[in-house]
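Structure first, then comments.
The values are calculated or read from the model by the stated rules, or taken from the named source; none is laboratory data. For clarity, every value in this text was computed on a predicted model and none was experimentally measured. Ideal geometry is used to build each Cβ from the backbone, glycine not excepted, and the neighbour counts take in all protein chains shown. Just so you know, the surface numbers come from the protein's heavy atoms only, side chains and all, with ligands and any DNA or RNA stripped out. Shrake-Rupley method; radii C 1.70, N 1.55, O 1.52, S 1.80 Å.
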Amino acid sequence: MSDKFVFSTAEKEEVMELYTRLREQLSGALRPDDEEKIRTHILHSIELQQVRRDAFGLNPILTGLQTAIIVVDEIGLRRDAVLATLLHTSYEDGYITADAVGEEFGPAVALILRGLQRIHQLYDKNPVVESDNFRNLLLSFAEDMRVILIMIADRVNLMRQIRDTANTKDKVEVSREAAYLYAPLAHKLGLYKLKSELEDLSLKYLEHDAYYMIREKLSETKQSRDAYIEKFIKPISERLTAAGLNFHIKGRTKSIHSIWQKMKKQKCPFEGVYDLFAIRIILDAPVEREKMQCWQVYSIVTDMYQPNPKRLRDWLSVPKSNGYESLHITVLGPEQKWVEVQIRTERMDEVAERGVAAHWRYKGVKGETGLDEWLTNIRQMLETSDGMEAMDQFKMDLYEDEVYVFTPKGDLLKFPKGAIVLDMAYHIHSKIGNACVGARIDNKVVTFRQQLQNGDQVEIMTSSNQKPRREWLSLVKTSRAKAKIRLALKETQVKEGLFAKEMLERKFKNHKIDIEEPIIQQLVKKLGFKEMSDFYRQVAEGSLDINTIIDKYQELRQGERTVTGDNQARSAEEFVFDQTAANAPANDDVLVIDRNLKGIDYQLARCCNPIYGDDVFGFVTVSGGIKIHRTDCPNAPELQKRFGYRIVRAKWSGKGSSQYTITLRVIGTDDIGILNNLTNIISKDEKLVLRSVNIDSHDGLFRGNLMLMIDNTARLDLLIKKLKTVKGVKSVDRI
């Protein structure tokens with residue numbers, strides 16, 4: 001039996017502090033016995049040893065309380081969401097059921113738990129999360145929006161807690177998901193503070209050097225930046241006060257993530273990012289005087305500082321379609337620095353920050369038509385006192401006309417409601433559609449007529465004997481599939497005609513009969529065909545027996561004389577398949593790509609030259625091939641960040657007996673005989689082949705590149721260790 005779960009002293013203190021804080025904040029929202037029930041549940045789960053630390057060594061009870069605090073403080077959810085957050089781990093581990101939770105804490109808590117579990121099941125399908133489709137599927141799966149909000153809070157808390165973890169692999173994966181999935185979701189829901197925190201923490205863990213470089217630069221320039229802001233706004237404040245306006249001014253520094261994005265976009269150093277901050281002038285003005293006072297402030301500011309007319313954004317006269325109202329100008333401040341100034345009223349600021357504006361579109365995150373309006377309604381519901389009661393009854397119906405399905409690799413595809421397996425087959429490729437006979441959906445075999453449902457994982461099944469048919473046009477839903485079927489039918493008709501004509505000519509030649517075109521045309525009419533194409537189609541389909549055609553042809557050509565010769569059709573049983581070529585010996589090295597797929601064509605990337613035993617991943621190139629890179633390849637971070645949806649898993653299998661080319665860089669003291677000692681070590685191993693040596697000696701040091709053939713990383717590690725023992729060798733590195 002395993003040891004009882006133990007809290008550290010620091011964990012005990014934090015749990016008590018968070019529990020007390022949570023109880024105080026929810027005092028008016030909790031039912032009389034909620035507190036006692038949840039305390040009993042926690043103690044009971046510890047006593048029965050149902051609590052265990054996660055992959056990062058975190059205490060689930062403590063992380064549950066930390067997430068609950070975020071849910072309450074920074075999102076504004078109340079009782080049901082908090083209880084679901086605290087019960088989630090026990091529910092996922094199967095120690096409690098939704099029915100039991102419904103009886104004890106109410107149906108709303110059970111509904112949230114079911115929603116959380118349903119979304120976690122999506123991850124079992126190995127999805128590519130770096131896609132808008134996956135984010136939208138996530139939203140469509142959340143019957144209650146509190147599910148998504150809890151997931152965002154949970155990821156924010158996890159990102160805060162894993163700073164010092166030794167589990168770097170999972171840390172990187174969690175950070176990527178935070179950047180590609182959770183930050184955009186938080187942005188869409190108006191949770192801008194959490195969105196910025198997720199982006200900054202992701203950058204901190206994924207691009208450590210960039211994050212700390214910018215943070216240090218900001219820290220170094222903070223004093224001068226604050227002084228500059230003070231210098232910039234002081235005369236403006238005096239003029240606005242003299243004009244009798246009620247206002248306050250905020251100076252806001254850009255997030256580290258946004259600064260880094262700007263540096264990469266503009267290809268400039270930190271010092272080249274001039275707009276590190278923005279000034280926001282917020283007026284307290286009656287609605288009927290809002291525009292007038294905003295333009296009055298604009299006049300005062302531009303009288304003092306030279307404006308850039310190209311950077312004027314007037315969303316006062318014509319507000320954005322999402323309701324956003326503000327006046328943006330960029331002016332040349334003291335020391336010839338450009339400063340962005342935003343002018344708006346308290347009402348406009350409230351709308352832009354929290355409500356109707358759906359501010360995420362203003363920031364440039366694109367979404368599908370209708371999604372912004374729907375999310376705006378959600379945001380409004382969150383901000384009303386009775387929002388939680390309304391959300392209990394809320395069901396998402398925005399995507400009722402669309403379904404999202406997974407490929408076996410985890411890619412997510414979108415189809416109109418009513419689309420069938422055949423639609424998906426043609427979406428993937430015309431050849432796949434033409435040969436489609438059915439699919440395997442969640443390990444269940446179905447026909448190609450099966451309708452697709454949200455969340456299905458579909459593996460298309462094909463057969464070389466399958467051919468597109470005209471009735472398929474009435475089955476498929478998408479115009480793309482219909483167009484490809486029509487094209488395939490035309491191509492099939494042409495191919496069948498040529499094939500049938502060639503087959504007839506060959507058969508006639510075998511019988512030593514010359515084909516005379518007039519007699520063939522007469523035969524076609526006699527058989528009742530108006531078009532030659534119809535005749536050839538039936539020949540290709542086998543509806544017309546070629547031997548019968550030859551008989552009829554001979555009758556027309558020679559009268560009723562009996563036709564002699566070998567006219568009998570042969571049985572398929574007489575055909576013998578020669579398997580000699582099918583038994584070629586298999587290579588000992590096997591690269592397993594994605595979900596245990598073997599035999600897929602791939603190339604080893606030249607930038608990192610992976611060999612058997614290296615940790616590797618696959619990258620789908622533009623031409624559709626797969627290139628294998630080492631996980632520590634210098635190009636890996638950029639590929640994973642920019643093209644995460646084209647990354648596939650890969651691992652080595654087999655014995656590792658093939659030979660691979662690698663290059664070792666050796667640096668050492670330029671002593672007599674050192675090169676001879678190095679090559680002797682290599683030559684003693686019969687499984688190593690030295691291809692080339694390139695030596696450069698300078699100032700008593702030598703640098704050498706040794707190119708050799710080797711079979712796996714174990715032998716490589718041993719070789720490097722041996723080479724390092726040679727006297728005078730300073731370092732041996734693989735390049």
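Summary table
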| item | result |
| --- | --- |
| Dipole of the stretch 181-240 [Lys/Arg +1, Asp/Glu -1 at C-beta], most positive-end residue of Tyr205, Ala186, Leu240 | Leu240 |
| Extended-chain gain in nm, criterion 0.36 nm per residue less alpha-carbon gap, Lys310 and Met16 | 100.3 nm |
| Volume per residue that the Cα convex hull of the stretch 160-295 spans, once the total is divided by residue count, Å³ | 151 Å³ |
| Calculated FRET efficiency for the pair Thr253/Lys507, C-beta based, R₀ 56 Å, to 0.05 | 0.10 |
| Under the Karplus curve 6.51 cos²θ - 1.76 cosθ + 1.60, θ = phi - 60°, whole-Hz ³J(HN,Hα) for the stretch 474-484, x wherever Gly or Pro sits | 8, 8, 6, 9, 8, 5, 4, 5, 4, 5, 5 |
| Amide H within-cut-off set for Ser326, under 5 Å, with H built and near neighbours excluded | Trp315, Leu316 |
| Gain on full stretching of the segment that runs from Gln49 to Asp284 - 0.36 nm per residue minus C-alpha separation | 78.8 nm |
| Label point distance in nm, Val445-Ser683, each placed 7 Å from Cα along Cα→Cβ | 6.1 nm |
| Listed pairs Lys431/Lys651; Lys651/Lys687; Lys169/Lys684; Lys641/Lys722; Lys409/Lys687; Lys267/Lys627 exceeding 26 Å between Cα atoms | Lys431/Lys651; Lys169/Lys684; Lys641/Lys722; Lys409/Lys687; Lys267/Lys627 |
| Per-residue SASA entry for His328, accessible area with 1.4 Å probe, Å² rounded to 10 | 10 Å² |
| Dipole magnitude of the stretch 417-524 about its Cα centre (Cβ charges: Lys, Arg +1; Asp, Glu -1), debye to nearest 20 | 240 debye |
| For the stretch 1-93, average projected area of the Cα convex hull in nm² | 6.3 nm² |
| Cα-based convex hull, the stretch 252-301, per residue volume (Å³, whole number) | 110 Å³ |
| Relative contact order of the stretch 2-70, pairs being alpha-carbon contacts under 8 Å that are 6 or more residues apart, as % | 49 percent |
| Loop trypsin sites (Lys or Arg not before Pro), the stretch 1-90 (other Cβ atoms within 10 Å of the site Cβ: 10 or fewer; DSSP) | Lys4 |
| Accessible area in square angstrom per residue, the stretch 1-75, 1.4 angstrom probe | 58 Å² |
| Residue-by-residue Karplus 3J(HN,Hα) for the stretch 213-230, coefficients 6.51, -1.76, 1.60, Hz, glycine and proline x | 5, 5, 4, 5, 5, 5, 5, 5, 9, 4, 4, 5, 5, 4, 5, 5, 4, 4 |
| Förster radius 25 Å - calculated FRET efficiency between Gln336 and Gln223, Cβ distance, rounded to 0.05 | 0.80 |
| Whichever lysines have a C-alpha closer than 29 Å to that of Lys291, once near sequence neighbours (fewer than 8 apart) are set aside | Lys188, Lys193, Lys231, Lys234, Lys250, Lys254, Lys310, Lys320, Lys337, Lys363, Lys366 |
| Equivalent ellipsoid semi-axes - Cα gyration tensor, the stretch 682-735, angstrom | 21, 13, 10 |
| Two-site label geometry, Val494 and Arg606: point separation in nm, points 7 Å out along Cα→Cβ | 3.8 nm |
| Alpha carbon centroid spacing (whole Å) that separates the stretch 508-559 from the stretch 38-102 | 79 Å |
| Å³ per residue enclosed by the Cα convex hull of the stretch 474-563 | 102 Å³ |
| Relative contact order %, the stretch 642-735, counting alpha carbon pairs below 8 Å whose residues are six or more apart | 40 percent |
| Using θ = phi - 60° and Karplus 6.51 cos²θ - 1.76 cosθ + 1.60, couplings along the stretch 457-463 (whole Hz; Gly, Pro as x) | 9, 10, 10, 5, 10, 10, 9 |
| Charged-residue dipole, Cβ positions (Lys, Arg, Asp, Glu), the stretch 214-267 about Cα centre, Debye nearest 20 | 420 debye |
| Spacing of the two label points (7 Å from each Cα toward its C-beta) at Val437 and Met213, in nm | 5.7 nm |
